[in-house]
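What follows is a short report on a single structure.
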Amino acid sequence: MIQQLLLGQTLGFSGNPLTGDWQDTIQFNSAGGVLIANGRIVAIGDGVDLIAAHPLAKVTDYGDALITAGFVDAHMHYPQTGMIASWGKQLIDWLNTYTFPEESRFGDKAYADDVAGRTLDLALAHGTTTLTSFCTIHPQSVDAFFEAAAARNMAVIAGKTCMDRNAPDTLRDDAKSAYDDSKALLQKWHGQGRATYAITPRFSPTSTPDQLAALGALWAEHPECLMQTHLSEQLPEIAWVQELFPDARDYLDTYEAFGLLGERGLYGHAIHLKDREITKLAEVGAAVVHCPTSNTFIGSGLFDLMGLAKATVSVGLATDTGGGSSFSMLRTMAAAYEIGQLRGTALHPAQLMWLATEGSAEALKMSGEIGHLGTGAVADITVLDLASTPAIAQRSARATDIWDALFPTIMMGDDRAIKDVWIAGQRVLP
Ligand code: GUN
Ligand code: ZN
């Protein structure tokens, strides 16, 4: 059995730095080593000790670079890769003007294959090893994504986006076909290799109560699947939901009433929540996903990260490509920091790194498996160059500790900071 030994600075976590004292949760080693066998991390510790104990291991020495768990993007739309950074609209106009016409193209399997492969390669180039994606209403768009991920051995989460109203004819299914197609797709893909299926009603405005109920019934039959959707992103959207569902107590209730609230639920954005919604999300153990570059780009609002963490709601971090304006989880952490500042909290680099790895994995109910630099986890690993551009290098050169060295890369870094990426113990960057 070939063992791989990666040497460098290593950063992992033993707990959640948002809820406790962050210093108690850090596992940092400035001369560390990560031993990999059979695609998993089998030991982690001082580099010199691991070299002595495993003399036959193949060594890759990254010097001062930082070895971390690969980034986990907990909410994105791979079909929107081609239209990222489209100008001038807020949510509903943005969907109608840019998103729906682009998503209409994914009935063409060859086109879906092309965009799926491109998206995953862009993600890897940015150090992201797991993506959680919405597909389109077309079943072949789901096949395209899972096939492309399998070819790269990446752990991904995805599902057929369901919509049976308030969308163009080319993008509408109905309650029965959404149920039937989603069921066939989850039976085909869930648990195949590293694939996880997420039942995916887009959001309440584009599903009739019948469709929401059908998907709720499907989730009850398949509780092993995740369920992903959108929640309380923009104020006009929330007002529209109230008109469409006059009996609902709030936005979350439009899911809850149809069996679409549960522990394995993922609710993207969740910016403008009412107290009842926060209490309920915490009570059932569901997760919300912070999409900071999207929330500023589409003009949605300032996510209350610390308030939700304090209320013990699980929070993941995501690009929300292509409402989000970057494929980079570094840029995404930077935007989370900026939004934190506007809400009066300076998030520590440890908290940002935790969100991009462990936090997202926890939201996906995959803690310990992905997003974790520790024994037993799959060896999905990203190596960060902390001096990747002249601007970052001149700043990190005067750093006094690892956090001061890392923060300029979080704030100013991009794909040039990604020195290497490993997927299940295999190097994947050229
Ligand atoms: N709400 C419903 N669909 C979408 C989408 O594609 N992107 C974002 N940001 N919000 C949504
Ligand atoms: Zn989204």
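The values are calculated or read from the model by the stated rules, or taken from the named source; none is laboratory data. Owing to the predicted nature of the structure, the values given are computational and were not obtained by experimental measurement. Heads up, the Cβs are rebuilt from the backbone with ideal geometry, glycines too, and the neighbour counts pull from every protein chain shown.
Within segment 87-96, can one find any residue that is acidic (Asp, Glu) and closer than 21 Å to residue 173 by Cβ?
no
Inspect all residues belonging to segment 220-228 and state whether any of them is under 26 Å from residue 196 (Cα atoms), within 13 Å of ligand 1 (Cβ to nearest atom) and at pLDDT 95 or above.
Scanning segment 220-228, I find at least one residue that is under 26 Å from residue 196 (Cα atoms), within 13 Å of ligand 1 (Cβ to nearest atom) and at pLDDT 95 or above, so the answer is yes.
Looking only at residues in segment 265-290 that are away from ligand 1 (no atom under 16 Å from the Cβ) and surrounded by 19 or more Cβ atoms within 10 Å (Cβ to Cβ), which one is nearest to residue 357 (Cα to Cα)?
Only one residue tops the list, namely 287.
Only one of (1) among the small types (Gly, Ala, Ser); (2) under 17 Å from residue 381 (Cα atoms); (3) away from ligand 1 (no atom under 16 Å from the Cβ) fails for residue 107. Which number is that?
Just one mismatch for residue 107, condition (2).
What are the residues in segment 303-345 that are more than 16 Å from ligand 2 (Cβ to nearest atom), in contact (Cβ under 8 Å) with a residue 60 or more places away in the chain and not β-branched (Val, Ile, Thr), if any?
Residues satisfying the conditions are 305, 306, 309, 310, 328, 330, 331, 333, 334, 337.
Test residue 155 against the stated conditions and say whether it is in contact (Cβ under 8 Å) with a residue 24 or more places away in the chain and either within 27 Å of residue 382 (Cα to Cα) or under 22 Å from the mean Cα position of the chain (by Cα) (or both).
In short, yes.
Answer with yes or no whether residue 178 is outside any helix (DSSP H, G or I) and either closer than 25 Å to residue 101 by Cα or in contact (Cβ under 8 Å) with a residue 40 or more places away in the chain (or both).
no
For segment 67-97, which positions are of a type in the set (Val, Ile, Thr) and under 18 Å from residue 138 (Cβ atoms)?
Within segment 67-97, 81 is the sole residue that qualifies.
Please count how many residues of segment 188-220 are assigned to a strand (DSSP E or B) and within 16 Å of ligand 2 (Cβ to nearest atom).
So the count comes out to 4.
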